[in-house]
Structures are given as structure tokens and as C-alpha cells.
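Heads up: the structure comes next, in C-alpha cells.
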Amino acid sequence: MTPRLAVKVDVDTLRGYVTGMPRLLGLFEKHGIRASIFFSFGPDNSGKAIRRIFRRGFLSKMVRTRAPSTYGFKTLLYGTLLPAPMIVDANPDILRRSCMEGHDCGIHAWDHVLVQDKLHAMAEDDFEALYRKAAAKYEKILGVRPTSYAAPGWQASRASLATEERLGLKYASDTRGHSPFLPVMGDFHCAVPQIPTTLPTMDELWGLPGITEETLPDIWMKGLQNEWNVLTVHAEMEGISQLGCFEKFLETAKARGVTFLTLEEIAGLAILDRHEIVQATLPGRAGTLAVQGNPV
């Protein structure tokens, strides 16, 4: 069976949205690929991510990925020394274009840094209020209700899972793992399918020994071992500084017969077993993440 792959795009920052997304959309159009794209809608508070400085691996990742050149110096100051600009309001037509060109579009966050760093301290009402702010902006611009969500930084809590179920989402992509599943957290069995990211991201690999623009496409290709494979890319990295490397991967994948799907298509096709969600660490990623655990 030929490998099947979904490309998932996370839009975290204003720069990623206004500069990276148009370039990625052009790339997808050129290669005839439909992606699943998740947008941060509200303030770009990227400067506040400096609070992660004491997490193991955070500084080394910033150095490996050359964060100032990847994200831009202004981005690294938003929400601290510079005011936090609104992301989608800067150019709603980018969101409209993404939807009109057939991509599977959903919610990433209202405030990306806040949710990534503080989710586990949030009550359901607090998380739902943030989600609804993003959803209201989505519906105002596109005229339809969002039906999918992908958590910032692969974070999940009982509050976020319960909100996803209560709002009737078609699927969510909050986790890392190996196959689509129905999530279990404690005694809560959620009915919303999880479509986990299965491949390591570029920012987890970039700068490691032997990782270059020439070698990375083959490393990703060798990782296409699951029935359903998901690669998360970031508008700030693959859409700007590493656009050429990402295109080389797409060209390699197409040449080797990879079938591209969206996460929505996977959610409708995959057979879903129940698995618990556990907190774990992954190489190249600072802090803990929501990871697919044992079957239940």
C-alpha cells in the first residue's frame, strides 16, 4: 500500500500568517495538495514564550532553529516590549483564500502562547471562552462554523477534550502518536476523534548532526511507516526560512507515490480504537506534550 500523508499547518504568529501562509498556499497550489490548516486568530503574544526559558530543551531549540531569523526579532518582542498585534485581522483574505482553495481549515487558538502555557490550569469555562472567541472570528469571516481544532504545542486537558465534545467537533489534532483514536483521559471517554501528528517536526530535527536540506526529505520519507501519517509544519518555518526544503520533501513524496489527504478525510476513513492520553516528552521538544498512550 502506498504511504498516505496529511500535511497539517499550524499558524502561530502574525509573521507566519501574513508572510508564510501565502507562500505555503502557493506551494500547495503548485503541487495540487490540500492541507489541513489551523489558525491562531487573536493577539500574537510570542514574546511571552520567554517564560519557557527554564524548560529543558527550550534554549537549545531556539539556538538550533535560529529563532530570531526564523520568527523575526519583532515577533520575539510581541506582548512584552512591543504590543501584541491581532493576527487574522491583519488580512482576513488569507483565511478566505485558504478555505476557497479547498483546504481543511480549523482553529489553532485565540491566544497561542496563553493556551500552550496555561491550559492545564484552565477551567472548562475559561478554555471554552477562548475557543469561542476564535470560532466567532472564523464564522464572521467565512460564514460557517469551524468543526476542527488543533491544540497549540500539543496540549490536551479534560477541559479541552470536554469542550471539543460539547461543541460537536468533527475531529481534533491535539496529540502526538501513531494512529487516529478516540481519547480517554482519566474516567472521561471523549467522542471526538484525535488525529495525532506522527512524524517529528522540522524544528525538532533542524540543527541536529546530519540534518540538512538534502537529508531531511529522506528522513521524513523513512518515517512514513503508519497506516495514516501526519506531518505538522509551521507557517513561520516551512513557510518562510525553510520553504525550499519543504518543497523538496513534497517533490520527493509525490515522486514516490505518496497519497495526500486532509485530517478531515482521515477522520472519516480511519477505524478508531480507544487510547489514553498521557503526558510525555519527545526529543527536540521542550516540556511535556499530550501523547497517545495504551489502548483502553
I'd like the accessible area for Val144, computed on protein heavy atoms only with a 1.4 Å probe and all protein chains in place. Round to 10 Å², please. 70 Å²
Computed on Cα atoms, Rg of the range 139-256 relative to 2.2 N^0.38 Å comes out at 1.23
In Å and on Cα atoms, what radius of gyration and Dmax does the chain show? 17.6, 52
Amide H contacts of Glu276 (H built 1.01 Å from N, under 5 Å, at least 5 apart or other chain): Val184, Gly293, Asn294, Val296
Could you check the simple spin-label distance between Ala255 and Arg166, using points 7 Å along Cα→Cβ, in nm with one decimal? 5.1 nm
What percentage of the solvent-accessible surface of the chain, computed with a 1.4 Å probe over protein heavy atoms, is contributed by carbon and sulfur atoms? 55 percent
Contact order normalised by residue count of the chain, Cα under 8 Å, 6+ apart, percent: 28 percent
Cleavage-rule hits (GluC sites (Glu not before Pro)) in the range 181-263: DSSP loop, at most 15 neighbouring Cβ within 10 angstrom: Glu213, Glu214, Glu227
Note: probe point = Cα of Asn294 + 7 Å toward Cβ; backbone nitrogen < 14 Å; residues of the range 190-214 passing the test are none
Going down the list Lys74/Lys140; Lys170/Lys248; Lys8/Lys30, which pairs span over 22 Å between their C-alpha atoms? Lys74/Lys140; Lys170/Lys248
Can you tell me the accessible area per residue over the chain, all protein chains present, probe 1.4 angstrom, in square angstrom? 41 Å²
With DSSP loop assignment and no more than 15 other C-beta atoms within 10 Å, the trypsin sites (Lys or Arg not before Pro) in the range 173-272 are Arg256
Using label points projected 7 Å from each Cα along Cα→Cβ, tell me how many nm separate Thr215 and Ala90, to one decimal. 3.4 nm
Strictly greater than 15 Å: what percent of every Cα pair in the range 77-145 meets that? 60 percent
What relative contact order, as a whole-number percentage, does the range 114-217 give when Cα pairs under 8 Å and 6 or more residues apart are counted? 21 percent
One point scatterer per Cα, no solvent, Debye formula: log10 I(q)/I(0) for the range 64-185 at q = 0.17 Å⁻¹ comes out as -1.02
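The values are calculated or read from the model by the stated rules, or taken from the named source; none is laboratory data. On a predicted model such as this, the values are computed, not experimentally measured, just so you know. Glycine gets a Cβ as well: all are built from the backbone with ideal geometry, and neighbour counts include every protein chain shown. With ligands, DNA and RNA removed, areas are computed over all heavy atoms of the protein, side chains included. Shrake-Rupley method; radii C 1.70, N 1.55, O 1.52, S 1.80 Å.
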